[in-house]
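Below: one structure, written as structure tokens.
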Amino acid sequence: MVRLFLKEIRIEHTLFALPFAYVGAVLAARGVPSWWSLLWITLAVFGARTAAMAANRYFDRDIDARNPRTARRAVASGALAPAVMLWAIVLGFALLLLAAWMLNPLCVKLMPIAALGVLVYPLCKRFTWLVHFVLGAVDGLAPLGAYIGITGTISWSAILLFLAVTVWVAGFDIAYALMDLPTDREQGINSLPARFGEWSGRWLPIALHVAMAALLAGAGVLGNAGWPYYVGVVAALAVTVYENRLYGVAENVFVLNERIFTGNMLFSVAFLATTVAGFVVR
């Protein structure tokens, strides 16, 4: 059952979210933070991500069951009881609270905002096509929370990093929605492609990822990052060019999304490396 649960909450996506949380910590410390701080930031991301995925699987179990692409998910198919996901939400929030407590008081005070975002996001697709940006903002709280965890304050560079991750995640979530476009329309599920057409799922992600690169550059300027940081910004633009090419050559939307996901996962790790170098190499 443990393996099934880990598969259901896509444990590998935690590794996708971590690099930008570490970027926020490095930007805050203007270098490599203490290993102790990084440990609690890691556990906070793990707890929040577990709660978020569990909430998504719990609230969407009926929607997933009616979608051929998601009908085999463990909760939707009945292989896992919905109560498992409720317990995962509780335990994920408990771990997040513990990590916030160990970092600083401001993290604890702001935790209800993160918890609300985690619980509201799965419901948004029922009433607004802005759901992609809600998901982006929830993921954007990881680097913002990490920054606060190190400094106990909020700065404009942290806000720009939060906005960069928000539009970055929203961009590939819009592309992801292309896979469910016919089903979403049939079920009345809100997404940007379902509301505005397939073209929006192909071109808006490119625009958002260009905006992400600009916001990352602004965060670096305000954070006084060294030149290697901006190599990562150039890499963000390179990934955007790659995505634009994919829209023309990918065989179908499933292949498209797999390649977009892989490209952005590699980018997030590379950007963490250039960020660290940006505060070590001057």
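The values are calculated or read from the model by the stated rules, or taken from the named source; none is laboratory data. These numbers come from a predicted model, not from an experiment. Virtual Cβ from ideal backbone geometry, glycine too; neighbours counted across all protein chains shown.
Evaluate the following for Ile89: is it under 19 Å from the mean Cα position of the chain (by Cα), more than 30 Å from Gly220 (Cβ to Cβ) and modelled with pLDDT of 95 or more? Spelling it out, Ile89 is indeed under 19 Å from the mean Cα position of the chain (by Cα), more than 30 Å from Gly220 (Cβ to Cβ) and modelled with pLDDT of 95 or more.
If the condition is being touching a residue at least 60 places away in the same chain (Cβ under 8 Å) and among the β-branched types (Val, Ile, Thr), then the stretch 71-106 contributes Val75, Val84. Residues of the stretch 62-81 that are more than 21 Å from the chain's Cα centre (by Cα) and surrounded by 15 or more Cβ atoms within 10 Å (Cβ to Cβ): Ile63, Ala65, Asn67, Ala74, Val75, Ala76, Leu80. Within the stretch 112-120, not a single residue is more than 28 Å from Pro19 (Cα to Cα) and in a helix (DSSP H, G or I).
Does the stretch 200-220 contain any residue that is on the phi > 0 side of the Ramachandran plot and free of Cβ contacts under 8 Å to residues at least 24 places away in the same chain? For the stretch 200-220, residues on the phi > 0 side of the Ramachandran plot and free of Cβ contacts under 8 Å to residues at least 24 places away in the same chain: absent.
On inspection, Phe261 does not qualify as more than 21 Å from Leu163 (Cα to Cα), surrounded by fewer than 18 Cβ atoms within 10 Å (Cβ to Cβ) and under 20 Å from the mean Cα position of the chain (by Cα).
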